[in-house]
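First up is the structure itself, then whatever we jot down about it.
The values are calculated or read from the model by the stated rules, or taken from the named source; none is laboratory data. In this text the structure is predicted, and so the values were computed from the model without any measurement. Here the Cβ positions follow ideal geometry from the backbone for every residue, glycine too, while neighbour counts run over all protein chains shown.
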Amino acid sequence: MRTCSAIVPAAGLSSRYGGPNKLLQEWGDCTVVGTVVRALLASGLPVYVVTGRDADLVTVAVEPVATVLNPEYKQGLGTSIAAGVANAPKSDGYLIALGDMPGLRVDVVRSLLEAFETVPLNSIVVPVYADEPKRIGHPVLFGSAYRNDLLALTGDSGARSIIDSAGGRLVHIFVGGSLPDLDEPE
């Protein structure tokens, strides 16, 4: 069985949310980011949460998982992904799960992991949700061949450039429903 680390960028400014840190908002009996972490832990993955804004509060919200502070978090998502990968143990794969997607489902994560077992390590496994069939969804699982590319990320576009250049190494897994992110209070 291949090893995989889950990286949760949870360092952002929540600027589109309009003030409060959206990751710390209540979601059911937890917080938004805590709900994401629960789903990943239920999938059997080791989880590494990258903090920035409100680092102490985010750390408490995701206990007992490991956290790493990204001192460059204001520069964007790419720096948080890079910090998470740098602080996770070398693995066969890195699953990037955004901290503002509390609807993350265990069955989707497990489907990605199952597909990852059968593809080369230079593959990227992505979900395509039935409600948004023309769009790549989250989370995204990168094979270890992309470790250096992930470590080199900067700016706010995340890993989009890596995904866009994958070509035939991009493996689509079709799943039901959708996975909206939480950008605005509504």
- Give region 34-80 a look and list any residue that's among the acidic types (Asp, Glu) and within 15 Å of Pro102 (Cα to Cα), or say none. none
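Give the number of residues within region 151-168 that are within 15 Å of Val126 (Cβ to Cβ) and of a type in the set (A, V, I, L, M). Don't jump to the end; show me each part of the working.
Residues of region 151-168 that are within 15 Å of Val126 (Cβ to Cβ), as a first pass: 158-168.
If we keep only those that are of a type in the set (A, V, I, L, M) too, we end up with 159, 162-163, 166.
Qualifying residue count, region 151-168: 4.
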- Task: Pull up region 78-96, narrow it to residues that are under 15 Å from Gly143 (Cα atoms) and of a type outside the set (Gly, Ala, Ser), then point me to the one that is surrounded by the fewest Cβ atoms within 10 Å (Cβ to Cβ).
- Result: Pro89
- Check Val62 against each of (1) within 23 Å of Ile163 (Cα to Cα); (2) touching a residue at least 24 places away in the same chain (Cβ under 8 Å) and name the one condition it does not meet. (1)
- Would you confirm whether any residue within region 97-114 is crowded, with 17+ Cβ neighbours inside 10 Å and over 25 Å from Val62 (Cα atoms)? no
- Do we have any residue at all in region 67-77 that's surrounded by fewer than 16 Cβ atoms within 10 Å (Cβ to Cβ), closer than 21 Å to Val171 by Cα and among the polar types (S, T, N, Q)? no
- Query: In region 42-65, which residues are out of contact with any helix residue (DSSP H, G or I) (no Cβ under 6 Å at 6 or more places or on another chain), surrounded by fewer than 15 Cβ atoms within 10 Å (Cβ to Cβ) and among the small types (Gly, Ala, Ser)?
  - Reply: Gly44
- Query: Being exposed (fewer than 14 other Cβ atoms within 10 Å of the Cβ), more than 13 Å from the chain's Cα centre (by Cα), farther than 25 Å from Cys30 by Cα and touching a residue at least 60 places away in the same chain (Cβ under 8 Å), is that true of even one residue in region 128-136?
  - Reply: no
- Task: Quick one: count up the residues across region 143-186 that are modelled with pLDDT under 95, surrounded by fewer than 18 Cβ atoms within 10 Å (Cβ to Cβ) and within 17 Å of Val8 (Cα to Cα).
- Result: 8
- Please report, ordered by residue number, the helices (runs of 4 or more DSSP H) entirely within region 37-142 with at least 2 residues that are in contact with a Pro (Cβ under 9 Å, 6 or more places away or on another chain) and closer than 15 Å to Ala11 by Cβ. 77-87
- Item | Pair list, Cβ under 8 Å, 6 or more apart: region 159-172 residue charged (D, E, K, R), other residue surrounded by 13 or more Cβ atoms within 10 Å (Cβ to Cβ) and assigned to a loop (DSSP other than H, G, I, E, B) | Arg169/Ser123
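Okay, residues lined up against (1) within 27 Å of Leu23 (Cα to Cα); (2) touching a helix residue (DSSP H, G or I) at 6+ places or on another chain (Cβ under 8 Å):
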site	(1), (2)
Ile136	yes, yes
Leu141	yes, yes
Ala152	yes, yes
Asp164	no, no
Ser178	yes, no
